[in-house]
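Enquirer: The structure follows.
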Amino acid sequence: MRVRCLLFVPADRPDRMEKALGSGADALILDLEDAVALSAKPAARAATADFLRRTQRTTTLFVRINPLGSGLEAADLQAVLPAKPNGIVLPKSEGADSVAALAAMLAGQDDIPILPIATETPAAIFGLGTYREVAPRLAGLTWGAEDLPAALGAATSREADGTFTAPYQLARSLTLFAAHAAGVPAIETVFPAFRDLDGLAAYAARGRRDGFTGMMAIHPAQVPIINAAFTPTESEQAYAIVDAFAANPDAGVLQLDGKMIDAPHLKQALTLLERARS
């Protein structure tokens, strides 16, 4: 599962869920955790399940549940699993053990992938190298720079110019390495200043440059900029097709980023690259 932009939507706002479908995001994250007050969680669960049941899946629909051990996660899953979400976002994950614990709660629905937010507690940093052990259950790996400084008692995770301070640069880098070690998509964290679209464009470009394959968003206005940053160029797509067939020389048909490719696609890719070289 490869996506460019995953847009957070409060799970207690069905009107925003509907609007978000037209945002252009490849995936929505229906958020039962931070975006929803405790008193509103029962209604949010019901609204999320209803939305999942009646929505055509032209957009991938994740649900962010509450953290394991919060006492809320079981009710979240009980409400939404019958409605078949496309994936579960796991906050405050601390490594393979967290993923395995959630997978056990998904027993009988092994086709639902898990997207851990992998840096929200101090202990989570030391579990990043374990995700390769549960790679088949992962939709990717992402990180967060908001909960961790709160857990550390830090004033902020950012310098005055918006760049991350050293501890959070480390968390970002380790998440990137952990995702690639596990062979799953590395998803960049959110850019909170949603009105600063120039800053977002620069931030997303850095993420793409460094090896992230997608990014999370908190506002629909961010989606087109993130999509543009993480959309492969024609040459990049062509190289990916050529590399896929080079790695599988006896295959007639392959799957690449969720699409089927065959001999005509390879021919087109080779022609495009030859034209580029000329």
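Enquirer: Report the normalised scattering of the range 75-147 as log10 I(q)/I(0) at q = 0.12, 0.18, 0.23 Å⁻¹, calculated by the Debye formula with identical scatterers on the alpha carbons.
Expert: Per q value, in the given order, log10 I(q)/I(0) is -0.30, -0.65, -1.00.
Enquirer: Can you spot the lysines whose alpha carbon is less than 24 Å from K19's alpha carbon? Ignore those fewer than 8 places along the same chain.
Expert: By straight Cα distance, K19 reaches K41, K84.
Enquirer: While we're looking at this one, here's another question. Counting only other residues whose beta carbon sits under 14 Å from that of G211, what net charge do I get with K and R as +1, D and E as -1? Walk me through the numbers on the way to the answer.
Expert: Details: positive: R2, R172, R206, R208, R209; negative: E188, D210, E236.
With Lys, Arg at +1 and Asp, Glu at -1, the net is +2.
Enquirer: Please work out the Cα center distance from the range 1-55 to the range 192-262, rounded to the nearest Å.
Expert: If we compute the Cα centre of each part, the gap is 23 Å.
Enquirer: Full-extension gain between Q169 and D97, please, as 0.36 nm times their residue separation minus the C-alpha to C-alpha distance. Let's see the in-between values first.
Expert: Numbers: separation 72, 0.36 × 72 = 25.92 nm, distance 2.44 nm.
That works out to 23.5 nm of additional length.
Enquirer: Taking a label point 7 Å from the Cα of A104 along the Cα→Cβ vector, which residues of the range 126-145 have an amide N closer than 16 Å to it?
Expert: Only 134 pass the distance filter.
Enquirer: Taking all pairs of distinct Cα atoms, average 1/r, flip it, and tell me the Kirkwood hydrodynamic radius of the range 28-184 in Å to one decimal place. Could the numbers behind the result be given before it?
Expert: Values: mean 1/r = 0.0618 Å⁻¹.
That comes to 16.2 Å for the range 28-184.
Enquirer: Subtracting the Cα-Cα distance from 0.36 nm times the residue separation, let me have the gained length for F177 to A202 in nm, one decimal. Provide the component values of the computation, followed by the final result.
Expert: Details: separation 25, 0.36 × 25 = 9.00 nm, distance 2.13 nm.
Between F177 and A202, full extension yields 6.9 nm more.
Enquirer: Also, quick follow-up: For the chain, what is the accessible area per residue in Å² when the probe is 1.4 Å? Present the calculation step by step, with values, prior to reporting the outcome.
Expert: Details: 13250 Å² over 278 residues.
Here the residues of the chain average 48 Å² of exposed surface.
Enquirer: Out of these labelled values of Kirkwood radius over Cα pairs in Å, (1) 22.8; (2) 19.7; (3) 19.0, which was calculated from the coordinates shown here?
Expert: (2)
Enquirer: To the nearest 20 debye, what charge dipole does the range 23-80 have about its Cα centre, counting +1 at the Cβ of each Lys and Arg and -1 at the Cβ of each Asp and Glu? Present the calculation step by step, with values, prior to reporting the outcome.
Expert: Values: 6 positive and 7 negative charges, 52 e Å.
The dipole magnitude comes to about 240 debye.
Enquirer: Just to confirm a number: summing +1 for Lys and Arg and -1 for Asp and Glu over residues other than L200 whose beta-carbon lies under 15 angstrom from that of L200, what do you get? Let's see the in-between values first.
Expert: Numbers: positive: R4, R158, R195, R206, R208, R209; negative: D161, E188, D196, D198.
Result for the local shell: +2.
Enquirer: Could you identify which residue out of L266, L90, L30 has the top mean-square fluctuation in a GNM of the chain using Cα springs shorter than 10 Å?
Expert: L266
Enquirer: Using a Förster radius of 45 Å, what is the FRET efficiency between L270 and E18 based on their Cβ-Cβ separation? Nearest 0.05, please.
Expert: Values: r = 44 Å, r/R0 = 0.97.
Using R0 = 45 Å, I get an efficiency of 0.55.
Enquirer: Something else now. Within the chain, what's the longest run with no trypsin sites (Lys or Arg not before Pro) in a DSSP loop and at most 10 other beta-carbon atoms within 10 Å? Give the range, please. Don't skip to the end; give the middle numbers.
Expert: Working: sites that count: R57, R195.
By the stated rule (loop sites, at most 10 other Cβ atoms within 10 Å), 58-194.
Enquirer: S39 label point, 7 Å along Cα→Cβ, cut-off 20 Å on backbone N: hits in the range 70-95?
Expert: Within reach of a label on S39: 72.
Enquirer: Would you please give the residues with an amide H less than 5 Å from that of F191, counting only those at least 5 places away or on a separate chain, with H modeled from the backbone geometry?
Expert: Hits under the 5 Å cutoff: I218.
Enquirer: Also, quick follow-up: In terms of modelled amide H atoms, which long-range or inter-chain residues lie less than 5 Å from the amide H of C5?
Expert: HN-HN under 5 Å from C5: D26, A27, M215.
Enquirer: Straight-line reach from K92: which aspartates and glutamates have Cα under 15 Å away, leaving out those fewer than 8 places along the same chain?
Expert: D31, E33, D34, E73, E120, E146, D147
Enquirer: Next question, about the same structure. Carbon-plus-sulfur fraction of the accessible area of the chain, 1.4 Å probe, in percent? Please list the in-between numbers first.
Expert: Details: 7320 of 13250 Å².
Within the chain, the accessible surface is 55 percent carbon and sulfur.
The values are calculated or read from the model by the stated rules, or taken from the named source; none is laboratory data. Quantities reported herein were computed from a predicted structural model and do not represent experimental measurements. Ideal geometry is used to build each Cβ from the backbone, glycine not excepted, and the neighbour counts take in all protein chains shown. Only protein heavy atoms, including side chains, enter the accessible area calculation; ligands, DNA and RNA are left aside. Shrake-Rupley method; radii C 1.70, N 1.55, O 1.52, S 1.80 Å.
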